[in-house]
Structure formats: structure tokens, C-alpha cells
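The values are calculated or read from the model by the stated rules, or taken from the named source; none is laboratory data. Computed from a prediction, not measured in an experiment: that's the story for all the values here. Every residue, glycine as well, gets a Cβ built from its backbone with ideal geometry; the counts of neighbours run over all protein chains shown.
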Amino acid sequence: MMNAPAARLKQSPESDRHPREIELKLELASGTFDDLLAHPALPLLSALPGQSGQLHAIYFDTADHALRREGISLRIRHKNGSTIQTIKAEGAHGSLIMDRGEWETPVNDRLDLSAAAGTPLASLTSDEATRRSIGPIFTIDTDRKAYETEFDGSLIEVSLDRSRVSVMQQEMTFLEIELELKMGSPAALFALARRLSEAAPLRLSILAKSARGYRLLNTASLKPSHSKPIELPKEATCAEAFQIIARSCLSQMLYNEVLVRQTQDPEALHQTRVGLRRLRSALSLFGKQLLTDPESAGMKSDLRWAGQAMGKVRDLDVLLERIRSSKPEYDKSQANRVERIRGEAHRDLLEILNSRRFMETILKAAAWIEAGTWTAADARARKQPVLDFATSELSRRFKRIRKTGNRLRKRSEEERHELRIRIKKLRYGTEFFASLFPKAKAQKRRQKLASLLGKLQDTLGEVHDLAVSGSLVPSLVETAPRRAERRRDKLLDKSKKTAKSLFKIEPFWL
């Protein structure tokens, strides 16, 4: 057992200011907490009896979930004879760590909305109709075992939660590990998570407990998440910008990967892959500047594997969509056959998503983003203004595309596919760096460039789909080879026309 770890750490100067809750969430994918606690890889823990026990939480909102829309959660939690009302406000979107405002007030089993003063909830409760309509919507019961550990110079509270969400007649249970930073650096949360993953299969989660309740309350809200706009401070360094971008990309992947495991929604899988592709594109964009270390090279390989694991199902989804849309080069009678192959591929994919290798890859990616060896590498590269870097990198990539984008018909399928990948990376780059060029003229040029890049990427993608569909389902394309060839010629003509317009564009970053 540890002896008063808090006494050995200096109090953070931020702790006396705005109340914050900084925590990392992990799901125990299999096994039990006892297995985890018994593993020698676990750091020394001190039990926290006062934080452990049975927790009964009642969550409140309006019938139309006005609080949820504003990123606010409101609950009353009963624990060890005490009753605490808690207001939480979401932090920045696209974060891997939950960094939330938190305000706690002792109450007597009833809401005390006067405690909302000075919190983000105040603006909602100032409206009398909204105030009256706030009521209980679901409950979460948790059996918690809490511990404390000093790790990498930080003080961290480790909570092992067996939880049950109840909404009317529905229930859902889950095992969750919360790592809450009490003092020190948020990077220590990821370092500890990596250590814990040696003891048990852990899945990184970005869902608060309240989010699970809302999902159970309204399954129709389980919709794929598209990428969110990225706001980069104009004075940001390359290192700061890369972390903001990478967090957003991995968050998009994590949100949608949950839906892939729960449903067979093709769009959820597509957005999961988009999140991973955007992250790999960010790695490519910043690679020569920041990510030249062996760990980053290994991360690039791991992320490529994760993306390829989803590729076959996505290719089959695209093929199935084309067949169902009555494209003349395909025989619609073969849709059932493709569906069967797709079902088999999806089952294989679920095995991969539930594998320890996949979960460790994603957790390792998060730790690498926050505290990889690259963060302590070349200080000059890390501190370069991202505005200067973006201007140079976008120019370099656009010049290369213009050089290789001519004479598309005479390019091999491999060359066209490689060009498409370059176009995709440039398009993601224009999204990542958009906030650095806020003037109206620059934004107008950026939107036009993004539109043409997207069109060229899509048409070259269709050409590629025609080429690979035969390998996905042997003999499928041969049902109408002449029509497929004519379709290919039209797409190449369209690509050539789009490329010609693209190369006349004036870059928005100059």
C-alpha cells in the first residue's frame, strides 16, 4: 500500500480555480476486475474506502433533452449516506480525455436549481418553462471500487465500476475503468492506461455514463458521426496543431467504431474508416516535420493495419450500393450473393474489432498522440508556427498532384490509385488547416478547391471500384464487361475535365 501519495505531490495551481474533472475512460472488454487487480503489471494502489461503495444516480433533463443539446448533464447521486447534486459541462469536442466543468452541491434528495448560478446550466434554468420541465429521465447504479496511485509523477484516482443503466423497461450493464487526474499531467493517464492494458483487454472509450443513458433512451440517436470542424489557434505551434487534429480524428473513429460493433450500418463503418484515414493523413502531413522517430513509424504501420482490416467490408458495401442503384454494368440478381459475402466479411471484422491487438492499437495511438516520444524530439520542429508549416506543406502537395495528374488515361491503375490517395490527403489537409485562413476570399477559394478535390477523388474512386469488384466477387464484372469499360471511359473523361479545372485554381493559402 502507498503512504499518503498526495503528500508527495505538489498541489496544481489550477486546482483552486475553475472546477474541472479530467478523466480517461476505459471499458473492460473481457474478464473480471479481480483478474486485473491480481496482475503484476498493475502499479501499487491505495484503497479509497470513502470513494467506494454503491452509487445510485438519477439523471435529469427536459422531455426534449435541452440540457443534452447544450452539453450539460445534471444528476443527483446517493453514495454512502450522502446525496450530492452534480452539474457537468462538456469540454472541447474531439478530445480523448474528458475535461469537463464540474459543480457539486449537497442536497436533500431534491434538485436545487439555485445551485446552477455561475454554471452553464444557469442560462437554461432562467427560463421558467424550461425550469419546470426538468425531470428524471434515467438512472445509473454503480458498484465502485476506488483506489489511488502515484504514476509518472502524477496522482491518479482509479475507479473500477460495475454499472447498470435503466431506462423504463430497458437495462444495459457495462464494466468501466475511470482514471481521474487529481494532480499532475494528463499524459500520465494514458501511460497508466497502457500499463493497465497489459493486465486486461481494455477498450478506450469517449462515452460518459450519461451518454450511455441517452443512447439507451433513444436508440434512434445512434447515428454515424461525421468529422467536426477543427479550430487551430493562429499562433499554434506544429506540435500543438498536430495534437488537436489527431485527437479529433481518433475521436471520430472511436465514436463510430462503437456503432459498427452494435449494428451493420455501412455509414458507421465508412465514418470509422474516415476517422482512421484522416489520422493517417495527419501523420503523413506532419511526418517529415515532427514524426521521424521509430515509435511514430510503428504507429503508422499499426494504423495502416487497422484501416486495412475494415477495407474489404467497405469495398463490398460500395459494390452492393452500386448493384442496388441499377448501374447497368452489374446484374442486380447477384445482390443476394454479395450480401452473403458481405455478412461473412462483417463477422470477420467484428472478430478483429474485439481482438486485443485492435484495442491495444487504438489505446497506443491515443497515448502516442498525447505523450509519444515525438513530443520530446526536435524542439525547433515542434515549435515552428503551424501557419508557416501549413503554407509550405500544402504548396508542396498541390504541386506534386499537378505534376502527376496529367494524362490520366495513360496512367496505370496503380498510378491513378496513388494519385487518388494524394488528393485525399491534400483534401484532408485543407480541412485541417482551414481555420488558419479565415478571410472570406481565402475561404471561398478553399471551398472551391475542396469541391474539385472531392469530385476528382470520387471519380477516380469509382474507376478503382470497377477494377477491384472482380476480386471481391469473382466473375461479377464479367456479367457486362463492355458496359463496365464504357463506364470506365466516361469516368476517366470526367476526371480529366475536373483535373483541368483543379489545376487552374489559385491556392487559398498563398
Original post:
So which of Glu431, Glu415 ends up being out of contact with any Lys or Arg (no Cβ under 7 Å at 6 or more places or on another chain), in a helix (DSSP H, G or I), more than 16 Å from Ser284 (Cα to Cα) and acidic (Asp, Glu)?
Top reply: Glu415
**OP:** Of all residues in the range 40-81, count the ones that are within 22 Å of Asp127 (Cβ to Cβ) and among the basic types (Lys, Arg).
**Re:** 3
**OP:** Look through the range 145-167, keep the residues that are surrounded by fewer than 20 Cβ atoms within 10 Å (Cβ to Cβ) and free of Cβ contacts under 8 Å to residues at least 40 places away in the same chain, and return whichever of them is nearest to Lys25 (Cα to Cα).
**Re:** Arg164
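Pull up the range 1-33, narrow it to residues that are of a type in the set (Asp, Glu) and at pLDDT below 90, then point me to the one that is nearest to Lys209 (Cα to Cα).
As a first pass, look at the range 1-33 and keep what is of a type in the set (Asp, Glu): 14, 16, 21, 23, 27.
In the following step, the residues that additionally are at pLDDT below 90 were identified as 14, 16, 21.
Values: Glu14: 26, Asp16: 26, Glu21: 14 Å.
Among those that are of a type in the set (Asp, Glu) and at pLDDT below 90, it is Glu21.
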Original post:
Right, Ser248: in contact with a His (Cβ under 8 Å, 6 or more places away or on another chain), in a helix (DSSP H, G or I), at pLDDT 90 or above and small (Gly, Ala, Ser) or not?
Top reply: yes
Original post:
Does Asp109 satisfy the condition of being charged (D, E, K, R), at pLDDT below 95 and outside any strand (DSSP E or B)?
Top reply: yes
Original post:
Going by the structure shown, is Ala193 within 22 Å of Leu28 (Cα to Cα), of a type outside the set (Phe, Trp, Tyr), touching a Phe, Trp or Tyr at 6+ places or on another chain (Cβ under 6 Å) and at pLDDT 90 or above?
Top reply: no
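Residue-by-condition table, conditions (1) in contact with a helix residue (DSSP H, G or I) (Cβ under 7 Å, 6 or more places away or on another chain); (2) over 25 Å from Ser296 (Cα atoms); (3) not polar (S, T, N, Q):
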| site | (1), (2), (3) |
| --- | --- |
| Ser225 | yes, yes, no |
| Glu231 | yes, no, yes |
| Asn256 | yes, no, no |
| Val260 | yes, yes, yes |
Original post:
When Asn108 is evaluated against the numbered criteria (1) without any contact (Cβ under 8 Å) to a residue 60 or more places away in the chain; (2) more than 16 Å from Ala57 (Cα to Cα), which criterion, by number, is the only one it fails?
Top reply: (2)
Subject >> Residue that is surrounded by the fewest Cβ atoms within 10 Å (Cβ to Cβ), among those in the range 370-381 that are part of a helix (DSSP H, G or I) and out of contact with any Phe, Trp or Tyr (no Cβ under 8 Å at 6 or more places or on another chain) >> reply: Arg380
Subject >> Positions within the range 243-267 being buried (at least 22 other Cβ atoms within 10 Å of the Cβ) and closer than 20 Å to Lys312 by Cα, in sequence order >> reply: Met253, Asn256, Glu257, Val260
Original post:
Only one of Arg409, Arg380, Arg342 is modelled with pLDDT under 95, of a type in the set (Lys, Arg) and closer than 30 Å to Pro186 by Cα; which?
Top reply: Arg380
Original post:
Which one of these is outside any strand (DSSP E or B) and closer than 30 Å to Pro43 by Cα: Ser163, Ser95?
Top reply: Ser95
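For (1) out of contact with any strand residue (DSSP E or B) (no Cβ under 7 Å at 6 or more places or on another chain); (2) more than 14 Å from Ser159 (Cα to Cα), each residue gets a yes or a no:
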| position | (1), (2) |
| --- | --- |
| Arg20 | no, yes |
| Ala41 | yes, yes |
| Ser46 | no, no |
| Gly53 | no, no |
| Ala57 | no, yes |
| His65 | yes, yes |
| Ser73 | no, yes |
| His78 | no, yes |
| Gln85 | no, yes |
Original post:
Mind checking which pairs have a first residue in the range 398-419 that is among the charged types (D, E, K, R) and a second that is modelled with pLDDT of 85 or more and in a helix (DSSP H, G or I), Cβ under 6 Å, 6 or more apart or different chains?
Top reply: Arg409/Leu492; Arg416/Leu460
Original post:
Is it the case that Arg194 is over 21 Å from Arg164 (Cβ atoms) and in a helix (DSSP H, G or I)?
Top reply: yes
Original post:
Of the conditions (1) surrounded by 15 or more Cβ atoms within 10 Å (Cβ to Cβ); (2) modelled with pLDDT of 85 or more; (3) of a type outside the set (D, E, K, R), Gln54 fails just one. Which one is it?
Top reply: (1)
Original post:
Right, Lys88: touching an Asp or Glu at 6+ places or on another chain (Cβ under 6 Å), assigned to a strand (DSSP E or B) and in contact (Cβ under 8 Å) with a residue 40 or more places away in the chain or not?
Top reply: yes
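Just a yes or no: is a residue in the range 275-283 polar (S, T, N, Q) and at pLDDT 95 or above?
yes
Test of understanding: among Ile87, Ile76, Ile97, which residue is modelled with pLDDT under 95, buried (at least 18 other Cβ atoms within 10 Å of the Cβ) and of a type in the set (Val, Ile, Thr)? Show your work before the answer.
Numbers: Ile87 fails: modelled with pLDDT under 95; Ile76 fails: modelled with pLDDT under 95.
Sole residue among the options that is modelled with pLDDT under 95, buried (at least 18 other Cβ atoms within 10 Å of the Cβ) and of a type in the set (Val, Ile, Thr): Ile97.
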